[in-house]
Amino acid sequence: MSGVRRFVVHGRNTANLDRALGFYRDALGCRVIDMHGAVPRWARLLATMPARCAGLALGNERIELLEFAACTPYPALPAASDPWFQHCAIVVSDMEAAHRHVVDLGGVRITRGGPQLLPPGNGSVTAFKFRDPDGHPLELIAFPAGSGDPEWQARRKQAVTLGIDHSAICVADSARSIAFYELLGFRVVARTVNHGGAQERLDGLPGVEVEVIAMQASARTPHLELLAYRHPRGRPASCDEVTAIAADRLIWCTAGVGELLRALRQSAFGNSILATGRVDAASVAMLRDPDGHLVVLLGQEKGSPPEARRSAAPPGSAQPRKPRSRWVKLPMLGATRARSASCTPNQRARVAAY
């Protein structure tokens, strides 16, 4: 059966790879696993070559940093409700120690007044939002005992920062976004509406009311969360360059990429396909969701792990043949009816901090 199976890597662009590596390593506890990473398949598919690449690991999860020369900086005066907002949520075992350490090492606060304890109706999690030196948003989250993915409870004694729980993206129309991601094989597993003083302080915004929808592929963690702000509304998106600092990518191991692409072309989301092809004998597709967030589908090939990559060719050696690509513009897409989902207390803990 075709569909997204599991998370592979959260990709981010940076204007200064050395600075970004230092922050993610020293402030967040990431391990640098590849200082001279190969150019990722999606970039070769689009013939968009970064100056440098590096890979990091946090727990069992991965982050990929790509440095592009003269890339568009993160938009000025950013807000948590902007349509390009996409954060990486990191689970911590000691919130006080983790948030102090991040701020001491240059994390720029989004949250006002320190970590926020959200009410029971929103999962009773503690959360703190901030930005890295390039402006990318991140979140620290701490689950109370017995809530969240059991994996986090099992890792509690391993370190202060444990791994990536989810990535959250802002969306303008929750029904439309749910329909898009369900077509890729995700399903809604929890749904809440967050508001009140703690939520306002967490987001650094007044009068917040936001619908939070957790969507899960075959693997439970990391998962995807949709943030549909009813108030305040975000600004219009202003940049669609894949090399821009704000252009995060979520890369997913996917079965039946061709079948999914056919289903997309036959749906209201046909124009979401930016490029498709085969790179290193694997199917690769770059998509842009209804709100402009980038999604990479990486084919699950028999006999090799989907995240495996060939090493970059050394300077002066023959370069791989450029794969065939398909490019289309993305129009505004009409609303689609959403499937409802019930929400248990344990599920609420998974969507409360976003």
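The values are calculated or read from the model by the stated rules, or taken from the named source; none is laboratory data. Since the model is a prediction, treat every value here as computed from it, not as a measurement. Cβ atoms come from the backbone with ideal geometry, glycine included; neighbour counts cover every protein chain shown.
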Inset, instruction - Just give me the residues in the stretch 75-134 being closer than 12 Å to Gln199 by Cα and of a type in the set (Phe, Trp, Tyr), in sequence order. - result: Phe128
Inset, instruction - Among what's in the stretch 66-104 and is among the acidic types (Asp, Glu) and touching a Lys or Arg at 6+ places or on another chain (Cβ under 6 Å), pick the residue that is nearest to Met49 (Cα to Cα). - result: Glu67
Inset, instruction - Go through the stretch 72-121 and give me each residue that's crowded, with 18+ Cβ neighbours inside 10 Å, without any contact (Cβ under 8 Å) to a residue 60 or more places away in the chain and assigned to a helix (DSSP H, G or I). - result: Met95, His99
Inset, instruction - State whether the residues of the stretch 144-163 include one that is under 14 Å from His223 (Cβ atoms), of a type in the set (A, V, I, L, M, F, W, C) and either in contact with a strand residue (DSSP E or B) (Cβ under 8 Å, 6 or more places away or on another chain) or modelled with pLDDT under 95 (or both). - result: yes
Inset, instruction - Starting from the stretch 263-291, keep only residues that are of a type in the set (Asp, Glu), then list their pairs with residues that are part of a strand (DSSP E or B) whose Cβ atoms are within a distance under 9 Å, requiring at least 6 positions of separation or different chains. - result: Asp289/Ile169; Asp289/Val295; Asp291/Ile169; Asp291/Cys170
Legend entry - Any chance Ala172 is hydrophobic (A, V, I, L, M, F, W, C), within 19 Å of Ser272 (Cβ to Cβ), part of a loop (DSSP other than H, G, I, E, B) and touching a strand residue (DSSP E or B) at 6+ places or on another chain (Cβ under 9 Å): yes
Legend entry - Criterion (in contact (Cβ under 8 Å) with a residue 40 or more places away in the chain, in contact with a Phe, Trp or Tyr (Cβ under 6 Å, 6 or more places away or on another chain) and not small (Gly, Ala, Ser)) met by exactly one of Ile213, Ile245, Ile251: Ile245
Inset, instruction - Identify all residues within the stretch 192-234 that are over 20 Å from the mean Cα position of the chain (by Cα) and part of a loop (DSSP other than H, G, I, E, B); write none if there are none. - result: Gly196, Gly204, Leu205, Pro206, Gly207, Val208, Pro232, Arg233
